There are 2 protein chains.
Amino acid sequence: MLVGELINASRSSIARAIEAGDREAILAAAQSQADAGVDFIDVNAGVFVGREAEYLRWLVEAVQSEAPLACCLDSPDPDALAAALGVHRGTPMINSISMESERLNGLLPLIAGTDFKVIALCMSDAGMPVSADDRLTVADDLINTLVRNGVALENIYVDPLVQPVSLDGNFGAAFLDAVREIMIRFEGVHTICGLSNISYGLPGRRLLNRLFAVMAVANGLDGLILDPLDPRMMAFVTAAATLAGRDEFCENYLNAFRGGKLDV
Amino acid sequence: MLVGELINASRSSIARAIEAGDREAILAAAQSQADAGVDFIDVNAGVFVGREAEYLRWLVEAVQSEAPLACCLDSPDPDALAAALGVHRGTPMINSISMESERLNGLLPLIAGTDFKVIALCMSDAGMPVSADDRLTVADDLINTLVRNGVALENIYVDPLVQPVSLDGNFGAAFLDAVREIMIRFEGVHTICGLSNISYGLPGRRLLNRLFAVMAVANGLDGLILDPLDPRMMAFVTAAATLAGRDEFCENYLNAFRGGKLDV
C-alpha cells in the first residue's frame, strides 16, 4: 500500500500553489503520483496555522477535481480533518491518530465506526518510543482502542515511528524489530511508515531512505509513505517485495522489468 | 567480513590466466579486490577436473606473490585444499564444509584443531534445505560438530544457502529468517553467503543481488562473498550496516561518503 507524500505545504512549490489557489498545479501533482502507482495521495496543509482547515479542504477538492483519487488526510487537528472529510469522496485514510491523549480524544469521534483507513502512530503521552518494546506497548494500546471503537483490524496501519540513526545507532534496528513483531502478534493489521526521518542529519539521504525501505519490507512492512516519482525508490520497493516472498511467481517484478521500471 | 569472489575459474578471464600461467593477471585481480576492502580473496579452480589441486596451489602462490593476502580456499576436495594449505601463508578461510557425509569426513581432518576460518554450508545428506527450520537443524549439527573438533565458535561462518526466488517465492524469506535465528541462538558464531543464487532465472540480477545483501545485513548477516568492484554493492552494504545499527556514530558511513564511495 503506497501513499504519495508530495502534496505537503512544507514544500515551497505546494505552499505557493495553495496560496495562489492554483488548482491545476495540485491536480498535476496528484495525477503524477497516481500514475506512478500510489493508492492514496497524502494532503498536508499544516504549515498554514489558522487556515489549515480551509486549505486542507481545498486540497482535497483540487486533488479530486477530475477523478475521485483517494486522499490520505494528514493532520492532527480534528477541525481540519472534519472539514476535509466533509468534501472527500470515497474512502479516505487518516494520518494519523496516536495514544497522545489530546490527539486520541480529538480524532476518535471522527474515526469510530467508520471504514476509513487509519494510520496509528506509536506515540503516547510518555513521549517518543525508544526501543522496539516501547513501540509494541503503544501499538497494542492503539490497536485495542481502535478495535473497541469499531475500526476493523485490516483498516489499521500501525506506524512504529522512524527515528534518525544519526541520533542513536539502534533506532533503525528498533524500528525493524517492532515491524516484525507487530506483523506477527496482530495478524491482519498493517504497518506503514514515512522514510525520511531515518537519514536526518546524514549526507546521502536518498540512498539511506531507499535502503531502509528495502529493510522494512523485508521485515514485513506492507505500507509506505514515499515519493513515488523517485524511480529508484519504486524499483527498490518492487524488488524488495519479490525478494521477501510477497510477489507470486515474481509477476510484479517481471512486469516492472518489462515496463523499463527496474532500469535504474 | 568481506570475501572477494572474482578469482574463480568459472570466469573465462580467470580460466585463461590459469592456463597461461599468467601470475600477473591473478595478482592484479587479487590486489584490486584487496584495495576495495575485502578481508579474504576467494580462489576457486573447480572447473579444472584432475588439475584442481595443482591450480589451486598455484592460485594461492600467485595471490600471495607480493603480499600475504589471506585466501578463502574454495573447494570441496580435501586434496586440493591440502595442496593449497601447503603453500598458504597466514590464516586461511575454508569454503566450505557441510553436513554431507563425504565432504564432512574429507575436510574435518584438515580443519580440526586449527584456527582457520571455516564456512559451514547448510547442506546435508538430506539434500538442499527448504525452510528456515531445515537450515537451523543443519546449522546446529555443523556448529556442534566443528566445536567438538576444536574449531572456535568465532571462526565458524554459517552459510544458510541462498536459493533462487524464481524457483520458490519463499526462498528469500526462509534464508533471512534462518540468518536471524542463527545469530540469536548461537551467540558468537558468524553468518555469510554468496548472493547471486537469489536472482537466478530473473532479469535485473545485480539489483536483486544488491538488495538481498541489504536485507541479509538487516537480519544480522555479518559476512558476504561478493564482487567488491561493484561500487553500488559496496555502497549498499556500507549503508545497510549503518541502518542496522552496526556502525558506531555512523563513522564508516561518513568516511565512505567523504571518500566519494556513496555517490552511486
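The values are calculated or read from the model by the stated rules, or taken from the named source; none is laboratory data. Everything quoted here is computed from the prediction, not taken from an experiment. Here the Cβ positions follow ideal geometry from the backbone for every residue, glycine too, while neighbour counts run over all protein chains shown. With ligands, DNA and RNA removed, areas are computed over all heavy atoms of the protein, side chains included. Shrake-Rupley method; radii C 1.70, N 1.55, O 1.52, S 1.80 Å.
Miscellaneous remarks
- Remark: relative contact order (the range A:166-257) = 26 percent; criterion is Cα-Cα distance under 8 angstrom and separation of 6 or more residues.
- For the pair A and B, the buried accessible area comes to roughly 2900 Å² in total, with a 1.4 Å probe and the value rounded to the nearest 100.
- For A:GLU187, label point 7 Å along C-beta direction: distances to other copies, nm: 3.2
- CD proxy at 222 nm, helix term only [per DSSP H run n ≥ 4: -39500 (n - 2.57); per residue of chain A; nearest 500]: -14500 deg cm²/dmol
- Each 5 Å bin from zero holds the following percent of Cα-Cα pairs in the range B:116-264: 2, 10, 19, 20, 19, 15, 10, 5, 1, 0.
- Chain A - share of DSSP beta bridges that are antiparallel (%, nearest 5): 5 percent
- Portion, in percent, of the accessible area of the protein assembly as shown that falls on carbon or sulfur, probe 1.4 Å: 49 percent
- With both residues required to sit in the range B:88-161, DSSP beta bridges show an antiparallel share near 10%.
- By DSSP, the beta bridges lying fully in the range A:38-161 are antiparallel in about 5 percent of cases.
- Qualifying lysines (Cα of each under 24 Å from Cα of A:LYS261; at least 8 residues distant if same chain): none
- Full-stretch length increase - B:ASP168, B:ASP141 - with 0.36 nm per residue and alpha-carbon distance subtracted: 7.2 nm
- Cα pair distances exceeding 17 angstrom across the range B:95-154, given as percent: 31 percent
- In the full protein context, the range A:1-101 carries 40 Å² of accessible surface per residue, based on a 1.4 Å probe and ignoring ligands, DNA and RNA.
- All Cα pairs of chain A, percent lying beyond 25 Å: 45 percent
- A 1.4 Å probe, protein heavy atoms only, puts the accessible area of B:GLU100 near 50 Å².
- Size-normalised alpha-carbon gyration radius of the range A:1-80, reference 2.2 N^0.38 Å: 0.97
- Sorted shortest first, the distances from the B:PHE48 label point to those of the same residue in the other copies are 7.4 nm; each point sits 7 Å from Cα along Cα-to-Cβ.
- For the range A:1-155, the C-alpha radius of gyration divided by 2.2 N^0.38 Å, with N the number of residues, is 1.05.
- In the range A:47-94, GluC sites (Glu not before Pro) in a DSSP loop with at most 15 other beta-carbon atoms within 10 Å: A:GLU66
- Whole-number Å³ per residue for the convex hull built on Cα positions in the protein assembly as shown: 152 Å³
- Size of electric dipole in the protein assembly as shown: Cβ of Lys, Arg +1 and of Asp, Glu -1, about Cα centre, debye, nearest 20: 800 debye
- Calculated label separations, B:GLY37, copies of the chain, 7 Å along the beta-carbon direction, nm: 3.0
- Computed over chain B: relative contact order in percent, which uses C-alpha pairs under 8 Å that are six or more apart: 14 percent
- Centroid-to-centroid separation of the range A:124-158 and the range B:158-208 [C-alpha atoms, Å]: 32 Å
- Å³ per residue enclosed by the Cα convex hull of the range A:214-264: 68 Å³
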